[in-house]
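The values are calculated or read from the model by the stated rules, or taken from the named source; none is laboratory data. Note that the structure is predicted; figures quoted are calculated from it, not measured. Glycine gets a Cβ as well: all are built from the backbone with ideal geometry, and neighbour counts include every protein chain shown. SASA here: full protein model, heavy atoms, side chains in, ligands and nucleic acids out. Shrake-Rupley method; radii C 1.70, N 1.55, O 1.52, S 1.80 Å.
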Amino acid sequence: MNELKLSPCLLRKPRTLWRRLLLLGVLAALLSGGLAWSQRETLGLAARGYVFGYPLVLADLTRHDFVSDIAPANRLLHMPAFPDADYRVFVRPNVDTLYTQAWLDLDAGPWVFEVPASQRYLLMQFLDAWSNVFASLGSRTLGSRGGSFLLVGPRWDGQVPAGLTLLRSPTRL
């Protein structure tokens, strides 16, 4: 099993390719009004495909920028200071919250993740490639006791070691 490591934070602004993709979707929607029925149907299918695929494309662009410019994949990045209002590594962070972030490739194997026992509020949120939360660990769900978890991808097939709770991601990232 892999062990997560901490890495120092490098603050850089993400690239803006996702904005171009959003503009493309808006233009497609505007153009659909003046077309023949078959063209509208085709454009409608294209628009639904765009809506379906956009979260995956955006997540992959964000992942690429993060692992290229900030921290390698499979490493926890701990922010030792509060983000300011201009911070844009991820969208609209709270300015009174310390963050830890990582892009994990679950095809690399399972990961053991431990949430410490704490009397303070904490939250560890796990998102899939669609940006859906598939696990939310912390004081709200665990109380003050903490826990140990085995984080695996959708294709992992193995035995969960004693003392660990299985968390299965629906996507490999």
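General remarks:
- Criterion (touching a helix residue (DSSP H, G or I) at 6+ places or on another chain (Cβ under 8 Å) and not in a helix (DSSP H, G or I)) met by exactly one of A73, A81: A73
- The one condition from (1) among the acidic types (D, E); (2) open to solvent by 50 Å² or more (accessible area, probe 1.4 Å); (3) not in a loop (DSSP other than H, G, I, E, B) that D65 does not meet is (2).
- Near pairs, Cβ below 6 angstrom, 6+ apart or cross-chain, from segment 50-63 (closer than 21 Å to F126 by Cβ) to any residue that is polar (S, T, N, Q) and open to solvent by 60 Å² or more (accessible area, probe 1.4 Å): P55/S131
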